[in-house]
Amino acid sequence: MRISYSLLDSWNRGDTERAIATYFHMDMPFPEKTQKRVSAGLDIHKEIETYVKENGKFPEWFFKKQLNSPESEKKVVAKYSDEFDLSGVFDCLDGNILYEFKTGTTPATEWAQTWQLPIYFLMAELNNIPIETAYIIRWNQYTKKKDFVLVHNNQRARDLARNVVDSVAPDILAFFVKEGLI
């Protein structure tokens with residue numbers, strides 16, 4: 001079974017429908033108010049991705065850090081165990097630095113407290129991708145301001161990711177099997 005941060009997060013929040021939709025790559029609309037924010041965030045994300053691909057740097061309004069050989073939207077799959085692979089898409093990987101883009105009103109520091117980067121660090125370790133640090137850069141499209149946080153890849157973060165996968169993924173697998181989904 002292929003496990004992603006989004007799947008783990010949806011399941012952990014008790015959102016079984018979204019977990020199923022996430023696993024099967026199905027569109028599942030959010031409530032109308034949330035859908036507008038999600039769509040706006042996806043548009044901004046795509047704008048940054050396209051700019052990086054075309055110019056080899058971030059848009060001036062977004063982040064001023066120099067990029068050397070950026071890989072946008074890098075799809076990564078890592079063999080975790082006989083039962084699970086981990087999968088994810090790194091927003092931008094540049095050498096040993098990972099950049100994750102966020103939009104909206106949730107500060108970068110709050111995003112840094114999620115499981116996303118620990119899981120990405122674990123995926124990198126399993127694939128021998130030498131990520132040392134990650135930036136979470138949040139653009140607030142309402143105030144036109146950004147903030148960012150730098151997170152270091154370390155054993156503690158990777159151990160947290162292993163704990164999350166080991167404690168949440170088996171429940172997802174058991175449910176999917178019981179319901180005949182896989």
Worksheet entry | Residue pairs meeting the criteria (Cβ under 7 Å; at least 6 apart or on separate chains; first surrounded by fewer than 21 Cβ atoms within 10 Å (Cβ to Cβ), in the range 91-110; second part of a helix (DSSP H, G or I) and charged (D, E, K, R)) | G104/R37
Fill in: Of all residues in the range 62-83 being without any contact (Cβ under 8 Å) to a residue 24 or more places away in the chain and either acidic (D, E) or in a loop (DSSP other than H, G, I, E, B) (or both), the one that is surrounded by the most Cβ atoms within 10 Å (Cβ to Cβ)
E71
Worksheet entry | Tally of residues being among the hydroxyl-bearing types (S, T, Y), loosely packed, with under 14 Cβ neighbours inside 10 Å and either under 24 Å from P70 (Cα atoms) or in contact (Cβ under 8 Å) with a residue 12 or more places away in the chain (or both) across the range 119-166 | 1
Worksheet item: If you go through the range 144-172, how many residues are farther than 15 Å from A112 by Cα and either modelled with pLDDT under 95 or charged (D, E, K, R) (or both)?
Response: 6
Item to complete: Out of L122, L42, L86, report the one residue that is out of contact with any His (no Cβ under 9 Å at 6 or more places or on another chain), of a type in the set (A, V, I, L, M) and in a strand (DSSP E or B).
Response: L86
Item to complete: For the range 1-27, enumerate the residues that are of a type in the set (A, V, I, L, M, F, W, C) and either closer than 19 Å to L122 by Cα or not in a helix (DSSP H, G or I) (or both).
Response: M1, I3, L7, L8, F24, M26
Worksheet item: Within the range 36-84, how many residues are in contact with a Cys (Cβ under 9 Å, 6 or more places away or on another chain) and more than 15 Å from D94 (Cβ to Cβ)?
Response: 0
Fill in: Set L181, L98: member being modelled with pLDDT under 95 and either touching a Lys or Arg at 6+ places or on another chain (Cβ under 8 Å) or not in a helix (DSSP H, G or I) (or both)
L181
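The values are calculated or read from the model by the stated rules, or taken from the named source; none is laboratory data. Just so it is clear, the model here is predicted, and its values are computed rather than measured. Counting neighbours? That spans all protein chains shown, and the Cβs are built from the backbone with ideal geometry, glycine included.
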